[in-house]
1. For segment 2-34: of the residues being within 20 Å of residue 63 (Cα to Cα) and among the hydrophobic types (A, V, I, L, M, F, W, C), which is surrounded by the fewest Cβ atoms within 10 Å (Cβ to Cβ)?
2. Looking only at segment 96-118, count every residue that is in contact (Cβ under 8 Å) with a residue 12 or more places away in the chain, assigned to a strand (DSSP E or B) and more than 20 Å from residue 141 (Cβ to Cβ) and tell me the total.
3. Just one of 73, 78 is part of a strand (DSSP E or B) and among the β-branched types (Val, Ile, Thr); which is it?
4. If a residue must be out of contact with any helix residue (DSSP H, G or I) (no Cβ under 9 Å at 6 or more places or on another chain) and closer than 24 Å to residue 72 by Cα, how many such residues does segment 132-159 contain?
5. Of all the residues that make up segment 78-88, how many are at pLDDT 80 or above and either of a type in the set (Val, Ile, Thr) or loosely packed, with under 15 Cβ neighbours inside 10 Å (or both)?
6. Test residue 42 against the stated conditions and say whether it is assigned to a loop (DSSP other than H, G, I, E, B), acidic (Asp, Glu) and farther than 26 Å from residue 153 by Cβ.
7. Could you list all residues from segment 1-39 that are part of a helix (DSSP H, G or I) and touching a residue at least 60 places away in the same chain (Cβ under 8 Å)?
8. Scan segment 138-163 for residues that are small (Gly, Ala, Ser) and either touching a Leu at 6+ places or on another chain (Cβ under 9 Å) or at pLDDT below 75 (or both) and jot them down.
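The values are calculated or read from the model by the stated rules, or taken from the named source; none is laboratory data. Here the structure is a predicted model, which means the values were calculated and not measured. Here the Cβ positions follow ideal geometry from the backbone for every residue, glycine too, while neighbour counts run over all protein chains shown.
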Amino acid sequence: MRSLSTAQMQALADRVVVRRMFIWCDALDLDGNPDPAGFWDDVGTIEYDGRVYHGSGTVISIETLSATSDFSIPRLKITASGLELSTNELVRSRRLAQRPISVSVGLFAPANRALIPPLIPYFEGVVDDPDIPTAAGGKSQIILTCESASRALTIKRTETRSKSSLSQRTAGDRFYDYTAGQREKTIYFGRKGP
């Protein structure tokens with residue numbers, strides 16, 4: 001469950017709120033120096049928490065995240081117009097592959113057009129595949145396919161249950177001291193051993 005501030009809960013209860021999406025990418029420039037970029041799906045520039053988000057209007061669309069019953073971790077697809085200068089610059093003048101990206105939801109009060117802080121996290125991960133599909137007569141689009149940070153939990157690691165790998169992480173930990181010898185012992189479940 002997402003934790004919302006009191007002001008956000010009140011605005012949602014009063015049904016006087018406008019939702020906007022915020023995208024932040026920790027990209028690198030072509031020389032490998034940090035060159036982050038931020039966008040939001042409205043007009044103008046907004047600064048929040050030391051980050052500057054540039055308005056992209058309706059040129060950015062973000063796929064809805066869906067839950068799956070097979071424990072697979074879904075990807076997030078962000079589609080932007082290839083005609084918009086700011087989004088074109090993001091892909092063509094920066095390194096995006098395997099760079100951190102976050103998507104947040106911002107709630108605004110329509111009366112004064114002020115952001116009701118804080119931004120609500122929607123997605124954290126890395127840009128897996130930046131793509132600019134080209135087809136004669138087709139739409140000019142930029143598609144960022146993003147992998148969730150939780151995918152790292154599914155990586156199979158060989159060192160997770162051995163004494164040597166544990167001592168590399170924490171030298172004094174003796175949790176796995178006797179696991180190597182335990183493999184040769186027979187365990188009798190539900191009955192007495194001979």
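1. Filtering first and then ranking leaves 18.
2. Residues that pass the stated criteria total 12.
3. 78
4. Result for segment 132-159: 13.
5. 2
6. For residue 42, the condition - assigned to a loop (DSSP other than H, G, I, E, B), acidic (Asp, Glu) and farther than 26 Å from residue 153 by Cβ - is met.
7. 7, 8, 11, 12
8. The answer is 138, 140, 148, 152, 162.
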